[in-house]
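The values are calculated or read from the model by the stated rules, or taken from the named source; none is laboratory data. None of these values were measured; they are calculated from a predicted model. Cβ sites come from the backbone with ideal geometry, for glycine too, and all protein chains shown count toward neighbours. Note: areas computed on protein heavy atoms with side chains; ligands, DNA, RNA excluded. Shrake-Rupley method; radii C 1.70, N 1.55, O 1.52, S 1.80 Å.
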Amino acid sequence: AARLTGAQMQMIEIAKALYWHAKIIIMDEPTAALGLDEARALHKVIRDLAKVGVSVIYISHALEEALELAHNVTVLRDGHVVACRAANSLTREELVHMMVGRHVGIVERPVVSTEAGEGVLQVEDLSWGRRVRNASFTLRRGEIVGLAGLVGSGRSELAWTLCGLARPTAGIIRVRGRPVKLHSPRAALRNGIAYLSENRKDEGLFLQLSLITNLTISVIGRITGALGLVIRQREVSEAKELMERFAIMATSPKAKMQTLSGGNQQRTLIARLVNTNPDILIFDEPTKGVDVGAIEAIHKTIRDLAAEGKAVLVISSYLPEVMALSDRVIVMRSGEIVANLSSAEVTEDKVVAAAFG
């Protein structure tokens with residue numbers, strides 16, 4: 001099972017729950033790692049279960065699917081039930097307002113010229129076996145490029161080749177015009193490339209360690225003295241500054257990472273990456289499994305980074321997010337880049353058509 005994809009693991013977990021013929025099934029973010037086809041298949045299973053008398057408690061941040069599937073919706077905020085309504089009496093906007101206590105929406109980014117900044121990352125005919133094939137594109141300063149496609153299309157695998165987690169079998173990666181060999185994440189960081197994994201708990205965070213350690217570990221050279229020992233005052237000062245800048249909520253900088261909410265965990269990871277001062281940031285599912293308020297904050301952070309002149313690549317399975325954030329959208333299918341659309345050209349139909357072929 002360890003060799004399966006995240007989506008396949010999720011489907012096995014769901015199948016295991018169904019196998020025991022439970023009368024009540026609690027599904028916590030069941031489609032978070034699933035592609036569109038897999039999610040639709042699960043939705044059909046849930047509807048069939050309801051028809052034969054099984055009760056399903058469906059916990060989700062995906063508001064559209066919650067409204068589509070549920071008969072009744074219960075909204076929690078700060079540990080309290082704030083509403084319990086029939087799903088067909090709610091709109092998405094009303095649901096969001098109840099969740100965060102104020103109006104929140106995906107704010108579209110103004111259309112900007114992608115020629116405004118110089119190219120800082122050039123990828124030429126990059127391949128990694130059959131997972132990524134002949135990928136070519138450019139990232140420019142101040143630009144947000146969305147990377148769309150179905151689960152398994154090669155989006156994450158392309159990101160791995162750019163951040164040193166996978167060695168390409170062909171092609172060239174240029175950073176600021178210079179060819180580079182990225183054989184490790186450390187090499188990528190040295191070249192100004194930072195990567196946010198879609199799996200923060202297994203691949204990003206040290207859950208048993210403190211918030212302060214998680215925030216400062218990537219810049220440990222800045223907080224150590226001549227003997228290589230951590231200077232506590234520097235460490236605390238660095239951590240508090242990041243907590244304030246990225247609105248990370250915790251009882252203390254010493255709190256264990258596992259005690260923080262998903263949104264605060266994600267903001268911690270982003271803060272750690274930004275603190276290394278990279279020129280190029282790759283975000284893989286940056287808002288996966290976080291609440292609506294945290295999504296708004298993360299989107300603002302991504303826009304602010306682009307405004308500072310960073311080049312940003314955003315991989316997301318949520319198409320409205322890709323379209324709202326991006327200056328350009330690249331679409332992948334079966335390991336290949338099949339479309340490269342400017343913000344003026346992007347429509348949901350075009351992206352979906354390219355993703356499905």
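Side notes on the structure shown:
- Qualifying residue in segment 113-132 (condition: open to solvent by 80 Å² or more (accessible area, probe 1.4 Å), in contact with a strand residue (DSSP E or B) (Cβ under 6 Å, 6 or more places away or on another chain) and modelled with pLDDT of 90 or more): yes
- Selection from segment 231-245 of residues that are closer than 17 Å to residue 275 by Cα and not basic (Lys, Arg): 235, 236, 237, 238, 239, 241, 242, 243, 244
- The set of residues from segment 181-208 being loosely packed, with under 14 Cβ neighbours inside 10 Å and in a loop (DSSP other than H, G, I, E, B) comprises 181, 183, 184, 206, 208.
- Long-range neighbours under 8 Å by Cβ, at least six apart or interchain, first residue more than 13 Å from residue 41 (Cβ to Cβ) and open to solvent by 60 Å² or more (accessible area, probe 1.4 Å) within segment 9-31, second assigned to a loop (DSSP other than H, G, I, E, B) and of a type in the set (Gly, Ala, Ser): 9/1; 9/33; 12/1; 23/53
- Meets criteria (more than 23 Å from the chain's Cα centre (by Cα), surrounded by 13 or more Cβ atoms within 10 Å (Cβ to Cβ) and not aromatic (Phe, Trp, Tyr)) for residue 224: yes
- Out of 344, 324, 306, 271, sole residue that is in a helix (DSSP H, G or I) and at pLDDT below 90: 324
- For residue 157, the stated conditions do not hold, so it cannot be described as over 30 Å from residue 73 (Cβ atoms) and at pLDDT 95 or above.
- Check on residue 316, within 28 Å of residue 174 (Cα to Cα), open to solvent by 10 Å² or more (accessible area, probe 1.4 Å) and touching a residue at least 60 places away in the same chain (Cβ under 8 Å): no
- Residue 321 more than 13 Å from residue 246 (Cα to Cα) and touching a Ser or Thr at 6+ places or on another chain (Cβ under 8 Å): yes
- Selection from segment 49-87 of residues that are at pLDDT 85 or above, open to solvent by less than 60 Å² (accessible area, probe 1.4 Å) and either assigned to a helix (DSSP H, G or I) or out of contact with any His (no Cβ under 9 Å at 6 or more places or on another chain) (or both): 49, 50, 53, 56, 58, 67, 69, 70, 73, 75, 83, 87
- When residue 332 is tested against (1) part of a strand (DSSP E or B); (2) touching a helix residue (DSSP H, G or I) at 6+ places or on another chain (Cβ under 9 Å); (3) surrounded by fewer than 18 Cβ atoms within 10 Å (Cβ to Cβ); (4) touching a residue at least 40 places away in the same chain (Cβ under 8 Å), exactly one condition is not met: (3).
- Residue in segment 164-173 that is out of contact with any helix residue (DSSP H, G or I) (no Cβ under 7 Å at 6 or more places or on another chain), under 20 Å from residue 270 (Cα atoms) and open to solvent by less than 50 Å² (accessible area, probe 1.4 Å) present: no
- Just one of the listed residues (230, 290) is touching a residue at least 60 places away in the same chain (Cβ under 8 Å) and either β-branched (Val, Ile, Thr) or surrounded by 22 or more Cβ atoms within 10 Å (Cβ to Cβ) (or both), and it is 290.
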